[in-house]
Amino acid sequence: MKSLKTYILNKSGHFGQFGGRYIPELLIPIMEELEAAFYEAIKDKGFKAELADLYYNYSGRPTPLYFCSNLTKKLGGAKIFLKNEGLNHTGAHKINHCLGQALLAKKLGKKRLIAETGAGQHGLATATVAAKFGLECTIYMGAKDYQRQLPNVFFMERLGATVIPVQHGGQILRDAINAALKDLIANPTDTHYLLGTVCGPHPYPVMNTYFQSIVGREVRTQLISQTGKLPDYLVACVGGGSNAMGLFYEFLDDKRVRMIGVEAGGKRILENDKKCEHAARFQTGSVGIVEGFKSYFLQNHDGQIKETSSISAGLDYSGVGPQIAYLHDTGRIRMTYARDKDALTAYAMLAQEEGIIAALESCHALSQVIKLAPTLSKDKIIVFNCSGRGDKDLFIVSKQFGFDIGQNTGR
Ligand SMILES: *Cc1c(COP(=O)(O)O)cnc(C)c1O
(Lines give C-alpha, C1' and ligand atoms only; values in the text may rest on other atoms or scores of the structure.)
Protein backbone atom coordinates (compact mmCIF):
# COMPACT_ATOMS: atom_id res chain seq x y z
CA MET A 1 0.00 0.00 0.00
CA LYS A 2 1.09 3.54 -0.71
CA SER A 3 2.36 5.49 2.28
CA LEU A 4 -0.02 8.00 3.79
CA LYS A 5 2.96 9.89 5.12
CA THR A 6 3.48 12.27 2.25
CA TYR A 7 3.00 15.96 2.55
CA ILE A 8 0.50 15.94 -0.30
CA LEU A 9 -1.22 13.22 -2.28
CA ASN A 10 -1.10 14.93 -5.66
CA LYS A 11 0.30 18.00 -7.39
CA SER A 12 -2.88 20.06 -7.26
CA GLY A 13 -2.85 19.89 -3.49
CA HIS A 14 -5.66 17.36 -3.12
CA PHE A 15 -6.08 14.53 -0.65
CA GLY A 16 -8.39 12.38 -2.75
CA GLN A 17 -11.24 14.73 -3.61
CA PHE A 18 -10.48 17.05 -0.68
CA GLY A 19 -8.27 20.11 -0.35
CA GLY A 20 -7.05 21.90 -3.45
CA ARG A 21 -6.84 25.61 -4.09
CA TYR A 22 -10.14 27.27 -4.99
CA ILE A 23 -9.21 30.92 -4.70
CA PRO A 24 -9.48 34.25 -6.53
CA GLU A 25 -6.99 34.71 -9.39
CA LEU A 26 -5.18 37.42 -7.41
CA LEU A 27 -4.24 34.99 -4.65
CA ILE A 28 -2.79 32.28 -6.89
CA PRO A 29 0.75 33.73 -7.25
CA ILE A 30 0.88 34.32 -3.47
CA MET A 31 0.01 30.68 -2.75
CA GLU A 32 2.47 29.47 -5.41
CA GLU A 33 5.26 31.53 -3.90
CA LEU A 34 4.48 30.15 -0.44
CA GLU A 35 4.25 26.58 -1.72
CA ALA A 36 7.63 26.82 -3.46
CA ALA A 37 9.26 28.35 -0.36
CA PHE A 38 7.79 25.63 1.85
CA TYR A 39 8.97 22.67 -0.24
CA GLU A 40 12.40 24.26 -0.56
CA ALA A 41 12.62 24.96 3.19
CA ILE A 42 11.85 21.41 4.26
CA LYS A 43 14.81 20.19 2.20
CA ASP A 44 17.08 22.85 3.67
CA LYS A 45 19.19 21.70 6.63
CA GLY A 46 19.73 25.29 7.80
CA PHE A 47 15.99 26.00 7.92
CA LYS A 48 15.30 22.79 9.81
CA ALA A 49 18.07 23.46 12.32
CA GLU A 50 16.76 26.98 12.95
CA LEU A 51 13.22 25.66 13.44
CA ALA A 52 14.42 22.92 15.80
CA ASP A 53 16.32 25.51 17.83
CA LEU A 54 13.15 27.61 18.17
CA TYR A 55 11.08 24.57 19.16
CA TYR A 56 13.50 23.51 21.86
CA ASN A 57 14.88 26.77 23.20
CA TYR A 58 12.01 29.19 22.64
CA SER A 59 8.86 27.08 22.95
CA GLY A 60 10.18 24.56 25.47
CA ARG A 61 10.00 21.34 23.48
CA PRO A 62 9.97 18.44 23.87
CA THR A 63 6.68 18.63 25.75
CA PRO A 64 6.18 15.81 28.28
CA LEU A 65 4.37 12.57 27.50
CA TYR A 66 2.85 11.94 30.90
CA PHE A 67 1.40 8.67 32.20
CA CYS A 68 -1.87 9.51 33.97
CA SER A 69 -1.59 6.84 36.65
CA ASN A 70 -4.45 8.11 38.82
CA LEU A 71 -6.87 8.51 35.94
CA THR A 72 -5.88 5.10 34.59
CA LYS A 73 -6.55 3.51 37.97
CA LYS A 74 -9.87 5.31 38.37
CA LEU A 75 -11.15 4.20 34.96
CA GLY A 76 -9.79 0.68 35.36
CA GLY A 77 -8.83 -0.11 31.78
CA ALA A 78 -6.24 0.97 29.23
CA LYS A 79 -3.17 2.99 30.24
CA ILE A 80 -3.73 6.68 29.55
CA PHE A 81 -0.89 8.93 28.41
CA LEU A 82 -1.25 12.68 28.00
CA LYS A 83 0.91 14.62 25.52
CA ASN A 84 1.18 17.96 27.23
CA GLU A 85 1.16 20.55 24.44
CA GLY A 86 -0.24 22.97 27.00
CA LEU A 87 3.28 23.38 28.34
CA ASN A 88 4.42 25.08 25.14
CA HIS A 89 5.24 28.77 25.22
CA THR A 90 1.86 30.58 24.78
CA GLY A 91 0.01 27.58 26.18
CA ALA A 92 -0.95 25.42 23.20
CA HIS A 93 0.28 23.51 20.15
CA LYS A 94 -0.35 26.49 17.86
CA ILE A 95 3.12 27.93 18.42
CA ASN A 96 4.45 24.96 16.41
CA HIS A 97 3.04 26.15 13.07
CA CYS A 98 3.45 29.82 13.97
CA LEU A 99 7.20 29.44 14.40
CA GLY A 100 7.42 27.51 11.14
CA GLN A 101 5.41 30.01 9.13
CA ALA A 102 7.18 33.02 10.66
CA LEU A 103 10.52 31.55 9.59
CA LEU A 104 9.14 31.06 6.08
CA ALA A 105 7.78 34.62 6.02
CA LYS A 106 11.21 35.91 6.99
CA LYS A 107 12.76 33.83 4.21
CA LEU A 108 10.29 35.42 1.76
CA GLY A 109 11.19 38.93 2.95
CA LYS A 110 7.71 39.69 4.33
CA LYS A 111 7.32 42.65 6.69
CA ARG A 112 3.92 41.91 8.18
CA LEU A 113 1.93 38.98 9.57
CA ILE A 114 -1.84 38.80 9.58
CA ALA A 115 -3.95 36.06 11.10
CA GLU A 116 -7.45 35.01 12.07
CA THR A 117 -8.13 33.63 15.51
CA GLY A 118 -11.00 31.84 17.27
CA ALA A 119 -9.97 30.86 20.80
CA GLY A 120 -7.43 33.66 20.70
CA GLN A 121 -4.64 31.12 21.08
CA HIS A 122 -3.58 31.32 17.45
CA GLY A 123 -3.64 35.13 17.53
CA LEU A 124 -1.54 35.07 20.66
CA ALA A 125 0.97 32.68 19.11
CA THR A 126 1.08 34.79 15.92
CA ALA A 127 1.55 38.05 17.84
CA THR A 128 4.28 36.32 19.82
CA VAL A 129 6.28 35.23 16.77
CA ALA A 130 5.69 38.62 15.12
CA ALA A 131 7.28 40.28 18.16
CA LYS A 132 10.13 37.81 18.15
CA PHE A 133 10.85 38.22 14.43
CA GLY A 134 10.29 42.00 14.36
CA LEU A 135 7.26 41.86 12.05
CA GLU A 136 4.16 44.05 12.09
CA CYS A 137 1.02 42.18 13.10
CA THR A 138 -2.74 42.47 12.58
CA ILE A 139 -5.08 39.90 14.12
CA TYR A 140 -8.70 39.44 13.00
CA MET A 141 -11.11 38.02 15.52
CA GLY A 142 -14.87 37.43 15.32
CA ALA A 143 -16.52 39.96 17.63
CA LYS A 144 -18.12 37.15 19.67
CA ASP A 145 -14.80 35.40 20.19
CA TYR A 146 -13.23 38.77 20.98
CA GLN A 147 -15.70 39.15 23.85
CA ARG A 148 -15.25 35.67 25.26
CA GLN A 149 -11.45 35.73 25.03
CA LEU A 150 -10.63 39.24 26.26
CA PRO A 151 -7.57 38.13 28.24
CA ASN A 152 -5.97 36.96 24.99
CA VAL A 153 -6.89 40.25 23.29
CA PHE A 154 -5.14 42.07 26.11
CA PHE A 155 -1.99 39.98 25.71
CA MET A 156 -1.94 40.28 21.89
CA GLU A 157 -2.02 44.05 22.22
CA ARG A 158 0.80 43.98 24.77
CA LEU A 159 2.82 41.97 22.26
CA GLY A 160 2.41 44.82 19.79
CA ALA A 161 -0.39 43.44 17.58
CA THR A 162 -3.45 45.32 16.36
CA VAL A 163 -6.53 43.23 17.12
CA ILE A 164 -9.60 43.87 14.97
CA PRO A 165 -13.01 42.51 16.09
CA VAL A 166 -14.95 41.42 13.00
CA GLN A 167 -18.62 42.40 13.19
CA HIS A 168 -19.86 40.45 10.15
CA GLY A 169 -21.81 37.16 10.02
CA GLY A 170 -21.80 35.00 13.12
CA GLN A 171 -18.86 37.03 14.45
CA ILE A 172 -16.75 33.93 14.91
CA LEU A 173 -13.70 32.29 13.33
CA ARG A 174 -15.13 31.95 9.81
CA ASP A 175 -15.79 35.69 9.65
CA ALA A 176 -12.28 36.45 10.86
CA ILE A 177 -10.89 34.24 8.06
CA ASN A 178 -12.81 36.21 5.43
CA ALA A 179 -11.49 39.50 6.82
CA ALA A 180 -7.92 38.18 6.78
CA LEU A 181 -8.27 37.00 3.15
CA LYS A 182 -9.50 40.45 2.13
CA ASP A 183 -6.48 42.01 3.81
CA LEU A 184 -4.14 39.63 1.98
CA ILE A 185 -5.67 40.49 -1.39
CA ALA A 186 -5.14 44.19 -0.61
CA ASN A 187 -1.53 43.69 0.59
CA PRO A 188 -0.11 40.81 -1.46
CA THR A 189 3.60 41.66 -1.48
CA ASP A 190 4.63 42.60 2.04
CA THR A 191 2.14 40.49 4.04
CA HIS A 192 2.13 36.83 5.04
CA TYR A 193 -1.21 35.36 6.05
CA LEU A 194 -0.36 33.07 8.93
CA LEU A 195 -3.28 30.66 8.78
CA GLY A 196 -3.86 28.93 12.09
CA THR A 197 -4.86 25.36 11.30
CA VAL A 198 -4.74 22.65 8.63
CA CYS A 199 -7.47 24.31 6.54
CA GLY A 200 -7.43 26.82 3.71
CA PRO A 201 -6.01 26.51 0.20
CA HIS A 202 -2.90 24.46 -0.62
CA PRO A 203 -0.20 24.69 0.79
CA TYR A 204 -1.62 25.55 4.24
CA PRO A 205 -2.97 22.08 5.16
CA VAL A 206 0.27 20.25 4.29
CA MET A 207 2.46 23.00 5.62
CA ASN A 208 0.82 23.18 9.03
CA THR A 209 0.72 19.39 9.27
CA TYR A 210 4.44 19.37 8.59
CA PHE A 211 5.10 21.92 11.35
CA GLN A 212 2.81 20.11 13.82
CA SER A 213 4.15 16.62 13.08
CA ILE A 214 6.87 17.16 15.69
CA VAL A 215 4.16 16.21 18.24
CA GLY A 216 3.70 12.65 16.97
CA ARG A 217 7.42 12.16 16.40
CA GLU A 218 8.11 13.03 20.02
CA VAL A 219 5.27 10.75 21.17
CA ARG A 220 6.77 7.80 19.29
CA THR A 221 10.19 8.24 20.91
CA GLN A 222 8.80 9.01 24.36
CA LEU A 223 6.31 6.15 24.42
CA ILE A 224 8.85 3.61 23.21
CA SER A 225 11.31 4.71 25.86
CA GLN A 226 8.62 4.59 28.59
CA THR A 227 6.82 1.39 27.56
CA GLY A 228 8.69 -0.20 24.66
CA LYS A 229 5.45 -0.11 22.65
CA LEU A 230 3.49 1.85 20.09
CA PRO A 231 0.12 3.29 21.13
CA ASP A 232 -3.08 1.32 20.49
CA TYR A 233 -5.19 4.48 20.25
CA LEU A 234 -4.49 8.12 19.55
CA VAL A 235 -7.19 10.61 20.49
CA ALA A 236 -7.30 14.32 19.66
CA CYS A 237 -9.91 17.04 19.44
CA VAL A 238 -10.63 18.43 15.98
CA GLY A 239 -11.37 22.07 15.29
CA GLY A 240 -9.57 22.69 12.02
CA GLY A 241 -7.50 19.61 12.72
CA SER A 242 -3.96 20.83 13.39
CA ASN A 243 -3.34 19.27 16.79
CA ALA A 244 -4.94 16.04 15.57
CA MET A 245 -2.80 15.92 12.40
CA GLY A 246 0.22 16.76 14.55
CA LEU A 247 -0.38 13.71 16.71
CA PHE A 248 -1.62 11.36 13.94
CA TYR A 249 0.76 12.08 11.08
CA GLU A 250 3.75 10.15 12.41
CA PHE A 251 1.62 7.01 12.88
CA LEU A 252 -0.44 7.04 9.66
CA ASP A 253 1.42 4.05 8.23
CA ASP A 254 1.35 2.07 11.49
CA LYS A 255 -1.82 0.16 10.70
CA ARG A 256 -2.36 -1.14 14.21
CA VAL A 257 -2.47 2.35 15.69
CA ARG A 258 -6.12 3.45 15.74
CA MET A 259 -6.99 7.11 15.63
CA ILE A 260 -10.01 8.99 16.88
CA GLY A 261 -10.86 12.63 16.24
CA VAL A 262 -13.35 14.37 18.54
CA GLU A 263 -15.50 17.26 17.37
CA ALA A 264 -17.61 19.68 19.39
CA GLY A 265 -21.05 18.17 20.02
CA GLY A 266 -22.14 21.45 21.63
CA LYS A 267 -25.55 21.40 23.35
CA ARG A 268 -27.23 18.95 21.01
CA ILE A 269 -27.04 17.62 17.47
CA LEU A 270 -30.18 17.78 15.34
CA GLU A 271 -30.30 16.51 11.77
CA ASN A 272 -31.94 19.49 10.06
CA ASP A 273 -31.27 22.44 12.30
CA LYS A 274 -31.02 25.84 10.60
CA LYS A 275 -28.47 27.05 13.10
CA CYS A 276 -26.22 24.38 14.61
CA GLU A 277 -25.96 24.03 18.36
CA HIS A 278 -22.71 22.13 17.75
CA ALA A 279 -19.76 22.01 15.35
CA ALA A 280 -19.80 18.31 14.46
CA ARG A 281 -19.07 18.46 10.72
CA PHE A 282 -18.94 14.70 10.30
CA GLN A 283 -22.34 14.24 11.97
CA THR A 284 -24.56 16.60 9.96
CA GLY A 285 -22.13 18.28 7.53
CA SER A 286 -21.67 17.69 3.81
CA VAL A 287 -18.93 18.11 1.22
CA GLY A 288 -18.47 21.56 -0.26
CA ILE A 289 -15.93 24.17 -1.31
CA VAL A 290 -15.57 27.09 1.10
CA GLU A 291 -12.70 29.45 1.93
CA GLY A 292 -10.53 28.05 -0.83
CA PHE A 293 -10.64 24.32 -0.14
CA LYS A 294 -12.88 21.29 -0.48
CA SER A 295 -13.93 19.47 2.67
CA TYR A 296 -16.84 18.76 5.01
CA PHE A 297 -18.78 21.84 6.08
CA LEU A 298 -21.88 22.53 8.09
CA GLN A 299 -24.04 24.10 5.39
CA ASN A 300 -27.61 24.39 4.17
CA HIS A 301 -28.82 22.66 1.02
CA ASP A 302 -28.02 25.80 -0.97
CA GLY A 303 -24.45 25.85 0.32
CA GLN A 304 -24.94 28.61 2.91
CA ILE A 305 -22.58 28.06 5.83
CA LYS A 306 -24.41 27.46 9.10
CA GLU A 307 -23.62 29.07 12.39
CA THR A 308 -22.00 26.70 14.84
CA SER A 309 -21.77 26.63 18.60
CA SER A 310 -19.47 25.16 21.21
CA ILE A 311 -18.30 25.95 24.70
CA SER A 312 -14.78 25.99 23.27
CA ALA A 313 -13.98 28.74 20.78
CA GLY A 314 -11.20 26.65 19.21
CA LEU A 315 -13.64 23.96 18.03
CA ASP A 316 -16.38 26.38 16.99
CA TYR A 317 -15.87 26.29 13.22
CA SER A 318 -18.03 25.10 10.32
CA GLY A 319 -15.23 23.51 8.26
CA VAL A 320 -12.49 20.94 8.84
CA GLY A 321 -9.06 20.21 7.37
CA PRO A 322 -9.11 18.35 4.04
CA GLN A 323 -6.67 15.66 5.15
CA ILE A 324 -8.90 14.90 8.13
CA ALA A 325 -11.82 14.57 5.69
CA TYR A 326 -9.78 12.25 3.47
CA LEU A 327 -8.57 10.07 6.35
CA HIS A 328 -12.15 9.87 7.63
CA ASP A 329 -13.64 8.88 4.29
CA THR A 330 -10.95 6.25 3.68
CA GLY A 331 -11.54 4.80 7.15
CA ARG A 332 -8.08 5.54 8.53
CA ILE A 333 -9.45 7.69 11.34
CA ARG A 334 -12.75 7.55 13.20
CA MET A 335 -14.60 10.75 14.03
CA THR A 336 -16.83 11.20 17.03
CA TYR A 337 -17.96 14.09 19.20
CA ALA A 338 -18.25 15.24 22.82
CA ARG A 339 -20.89 17.59 24.17
CA ASP A 340 -20.18 20.75 26.17
CA LYS A 341 -21.19 19.06 29.39
CA ASP A 342 -19.00 16.01 28.72
CA ALA A 343 -16.03 18.30 28.19
CA LEU A 344 -16.70 19.99 31.53
CA THR A 345 -16.92 16.63 33.30
CA ALA A 346 -13.58 15.65 31.76
CA TYR A 347 -12.09 19.01 32.76
CA ALA A 348 -13.02 18.46 36.41
CA MET A 349 -11.81 14.86 36.42
CA LEU A 350 -8.37 15.65 34.98
CA ALA A 351 -7.89 18.54 37.40
CA GLN A 352 -8.79 16.42 40.41
CA GLU A 353 -7.06 13.19 39.42
CA GLU A 354 -3.86 14.52 37.88
CA GLY A 355 -3.56 18.18 38.87
CA ILE A 356 -3.73 19.35 35.26
CA ILE A 357 -6.13 22.05 34.08
CA ALA A 358 -6.63 21.51 30.37
CA ALA A 359 -8.07 23.71 27.64
CA LEU A 360 -11.77 23.06 26.95
CA GLU A 361 -10.88 21.91 23.42
CA SER A 362 -8.56 19.22 24.81
CA CYS A 363 -11.27 18.17 27.29
CA HIS A 364 -13.37 17.04 24.31
CA ALA A 365 -10.65 14.53 23.44
CA LEU A 366 -10.32 13.53 27.08
CA SER A 367 -14.04 12.91 27.32
CA GLN A 368 -13.69 10.27 24.59
CA VAL A 369 -10.72 8.75 26.45
CA ILE A 370 -12.86 8.49 29.59
CA LYS A 371 -15.47 6.53 27.61
CA LEU A 372 -12.94 4.36 25.79
CA ALA A 373 -10.42 3.40 28.47
CA PRO A 374 -12.73 1.22 30.64
CA THR A 375 -13.72 -0.84 27.55
CA LEU A 376 -10.10 -1.86 26.89
CA SER A 377 -7.78 -4.27 28.68
CA LYS A 378 -5.02 -2.99 30.95
CA ASP A 379 -2.24 -3.76 28.48
CA LYS A 380 -3.65 -1.32 25.92
CA ILE A 381 -2.27 2.21 25.57
CA ILE A 382 -4.19 5.38 24.75
CA VAL A 383 -2.33 8.60 24.00
CA PHE A 384 -4.39 11.75 23.95
CA ASN A 385 -3.26 15.16 22.87
CA CYS A 386 -3.73 17.78 25.56
CA SER A 387 -3.58 20.52 22.97
CA GLY A 388 -3.58 23.40 25.44
CA ARG A 389 -3.75 24.50 29.03
CA GLY A 390 -6.86 25.92 30.63
CA ASP A 391 -5.87 29.45 31.67
CA LYS A 392 -7.56 31.09 28.70
CA ASP A 393 -10.96 29.56 29.57
CA LEU A 394 -11.08 31.00 33.08
CA PHE A 395 -14.14 33.21 32.53
CA ILE A 396 -16.18 30.60 30.66
CA VAL A 397 -15.43 27.71 32.99
CA SER A 398 -15.80 29.66 36.22
CA LYS A 399 -19.34 30.59 35.17
CA GLN A 400 -20.13 26.92 34.46
CA PHE A 401 -19.01 25.94 37.93
CA GLY A 402 -21.12 28.71 39.47
CA PHE A 403 -18.10 30.69 40.60
CA ASP A 404 -18.55 34.42 40.08
CA ILE A 405 -15.14 35.70 39.24
CA GLY A 406 -16.34 39.14 38.15
CA GLN A 407 -16.81 38.43 34.45
CA ASN A 408 -15.12 40.89 32.16
CA THR A 409 -17.32 43.77 31.13
CA GLY A 410 -16.31 43.87 27.49
CA ARG A 411 -15.36 47.08 25.81
C1 LIG B 1 -7.13 26.19 18.44
C2 LIG B 1 -7.14 25.11 19.39
C3 LIG B 1 -7.67 23.85 19.04
C4 LIG B 1 -8.36 23.56 17.74
O5 LIG B 1 -7.56 23.69 16.60
P6 LIG B 1 -7.00 22.45 15.79
O7 LIG B 1 -6.44 23.06 14.55
O8 LIG B 1 -8.13 21.51 15.51
O9 LIG B 1 -5.97 21.81 16.63
C10 LIG B 1 -7.58 22.84 19.98
N11 LIG B 1 -7.04 23.04 21.19
C12 LIG B 1 -6.52 24.23 21.56
C13 LIG B 1 -5.94 24.39 22.92
C14 LIG B 1 -6.56 25.31 20.67
O15 LIG B 1 -6.07 26.47 21.06
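Being touching an Asp or Glu at 6+ places or on another chain (Cβ under 6 Å) and among the polar types (S, T, N, Q) holds for only one residue in 312, 318, 286, 295, and it is 312.
All conditions but one from (1) within 14 Å of the ligand (Cβ to nearest atom); (2) open to solvent by 10 Å² or more (accessible area, probe 1.4 Å) apply to residue 330; the one that does not is (1).
Taken over region 87-101, the criterion of being surrounded by fewer than 22 Cβ atoms within 10 Å (Cβ to Cβ) and either of a type in the set (S, T, N, Q) or not in a loop (DSSP other than H, G, I, E, B) (or both) is satisfied by 87 alone. Contact annotation: residue pairs with Cβ atoms under 6 Å, 6 or more positions apart or on different chains, pairing a residue in region 326-340 that is farther than 17 Å from residue 18 by Cβ and in contact (Cβ under 8 Å) with a residue 40 or more places away in the chain with a partner that is assigned to a loop (DSSP other than H, G, I, E, B) and among the β-branched types (Val, Ile, Thr), are 340/311. Counting residues in region 17-32 that are among the basic types (Lys, Arg), within 26 Å of residue 110 (Cα to Cα) and in a loop (DSSP other than H, G, I, E, B) gives one or more.
Entry remark, region 52-61: residues being surrounded by 18 or more Cβ atoms within 10 Å (Cβ to Cβ) and either touching a residue at least 60 places away in the same chain (Cβ under 8 Å) or more than 20 Å from residue 108 (Cβ to Cβ) (or both) number 3 in total. Scanning region 102-122 for residues that are touching a Ser or Thr at 6+ places or on another chain (Cβ under 8 Å) and part of a loop (DSSP other than H, G, I, E, B) yields 110, 111, 119. When region 178-206 is filtered for residues that are more than 13 Å from the ligand (Cβ to nearest atom) and part of a helix (DSSP H, G or I), the ones remaining, listed by number, are 178, 179, 180, 181, 182, 183, 184, 185, 186, 206.
The values are calculated or read from the model by the stated rules, or taken from the named source; none is laboratory data. Quick caveat: nothing in here was measured; it's all calculated off a predicted structure. Cβ atoms come from the backbone with ideal geometry, glycine included; neighbour counts cover every protein chain shown. Ligands, DNA and RNA are excluded from the accessible area calculation, which covers all protein heavy atoms including side chains. Shrake-Rupley method; radii C 1.70, N 1.55, O 1.52, S 1.80 Å.
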